[in-house]
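First comes the structure, then the notes that go with it.
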Amino acid sequence: MREIRHSGQPNLQIRINNLCLDMRGSRLLDQIDLILKQPGVTMILGPNGAGKSLLLKCIHGLLFPTWGSIDFDGLNKNPKQAMVFQKPILLRRSVMDNMRFADQGTQTDTELEQALDSVQLLEKIDHPATQLSGGEQQRLALARALLTKPDLLLLDEPTASLDPASVVIIEKLIQQATQQHIKSIFISHDIGQAKRLSADVIFLNRGQVVEYSDAASFFSDPHSDEARAFLSGEIVL
């Protein structure tokens with residue numbers, strides 16, 4: 001299986017200052033203050049309804065916070081971003097046409113085929129993308145996102161309910177992206193996956209940051225009652 005090669009931006013820092021999000025009269029994100037400067041994968045954990053996807057969409061610019069700011073420091077004030085959603089959004093075209101659309105003519109078909117080989121979809125090159133299995137669609141969505149050579153890769157539960165083989169392929173690609181200086185922010189409900197991939201962890205509950213620390217500290221000695229309950233498999237309200 002070939003790698004997708006990139007040259008991401010090293011030392012990307014994300015500063016989130018007093019971010020609040022109100023929708024339909026409710027406060028959904030409340031005074032989020034974070035400085036993300038750890039390279040690698042930042043994992044966002046928390047119970048359902050904690051605000052994880054909302055925070056990711058704010059970072060990506062799909063939602064505008066009611067107030068507060070998100071700034072990017074480092075070599076580039078406006079890093080190139082790509083986002084992979086839990087439910088893949090694909091064109092109603094062939095697998096190869098999806099790759100060509102994302103690439104916008106910067107790479108040869110041979111290079112695009114190598115990218116498809118990296119997600120084990122080369123044999124499906126002429127298949128309609130929307131007729132692939134769920135795992136195959138998500139692998140295509142990730143390969144397409146990585147084609148854009150992002151500095152920041154945002155992943156909203158990309159392996160939820162997927163077959164184990166697809167999970168392994170996706171995790172390997174994310175690890176390769178980390179080695180190539182691509183910063184990732186990843187939402188997951190899988191504690192084992194979070195332990196495998198994360199460099200640091202944001203734990204959200206009720207729209208607030210309850211805890212933020214490096215992954216080793218979070219999993220060995222969480223400071224908050226909510227995080228300890230979550231890691232123990234208890235229901236967090």
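What follows is calculated from the coordinates using simple rules that are stated; it is not laboratory data. Predicted, not measured: the structure shown is a model, and the values here were computed from it. Ideal geometry is used to build each Cβ from the backbone, glycine not excepted, and the neighbour counts take in all protein chains shown.
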Exercise. Do you know which residues across the stretch 78-113 are in contact with a strand residue (DSSP E or B) (Cβ under 6 Å, 6 or more places away or on another chain) and of a type in the set (Val, Ile, Thr)?
Worked result: Val84
For this session: Starting from residues that are of a type outside the set (Asp, Glu) and part of a strand (DSSP E or B), keep the ones in the stretch 204-224 and report whichever is nearest to Ile235 (Cα to Cα).
Result: Asn205
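Conditions tested, residue by residue: (1) in contact with a Gly (Cβ under 7 Å, 6 or more places away or on another chain); (2) in a helix (DSSP H, G or I); (3) at positive phi; (4) without any contact (Cβ under 8 Å) to a residue 40 or more places away in the chain.
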| site | (1), (2), (3), (4) |
| --- | --- |
| Phe64 | no, no, no, yes |
| Asp71 | no, no, no, no |
| Met83 | no, no, no, no |
| Gly105 | no, no, yes, yes |
| Ala115 | no, yes, no, no |
| Glu136 | no, yes, no, yes |
Seminar exercise, completed: Within the stretch 85-103, the residues that are part of a helix (DSSP H, G or I) and either within 30 Å of Leu55 (Cβ to Cβ) or touching a residue at least 40 places away in the same chain (Cβ under 8 Å) (or both) are Val95, Asn98, Met99, Phe101, Ala102, Asp103
Exercise. For the subset of the stretch 138-160 comprising residues that are not aliphatic (A, V, I, L, M) and not in a helix (DSSP H, G or I), which member is surrounded by the fewest Cβ atoms within 10 Å (Cβ to Cβ)?
Worked result: Thr148
For this session: Look through the stretch 119-137, keep the residues that are touching a Leu at 6+ places or on another chain (Cβ under 8 Å) and not aliphatic (A, V, I, L, M), and return whichever of them is surrounded by the fewest Cβ atoms within 10 Å (Cβ to Cβ).
Result: Thr130
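Counting just the residues of the stretch 24-45 that are closer than 14 Å to Ile185 by Cα and not hydrophobic (A, V, I, L, M, F, W, C), which one comes out surrounded by the most Cβ atoms within 10 Å (Cβ to Cβ)? Lay out the reasoning, then the answer.
Of all residues in the stretch 24-45, those closer than 14 Å to Ile185 by Cα come to 34-45.
Still in the running and not hydrophobic (A, V, I, L, M, F, W, C): 37-40, 42.
Numbers: Lys37: 15, Gln38: 16, Pro39: 19, Gly40: 19, Thr42: 22.
Residue satisfying both the conditions and the ranking: Thr42.
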Exercise. Which residue pairs have Cβ atoms closer than 9 Å, lie 6 or more positions apart in sequence or on different chains, and pair a first residue in the stretch 180-206 that is over 23 Å from Lys149 (Cα atoms) with a second residue that is aromatic (Phe, Trp, Tyr) and surrounded by fewer than 22 Cβ atoms within 10 Å (Cβ to Cβ)?
Worked result: Ile191/Phe219; Ala194/Phe219; Lys195/Phe219; Val201/Tyr212; Val201/Phe219; Ile202/Tyr212; Phe203/Tyr212
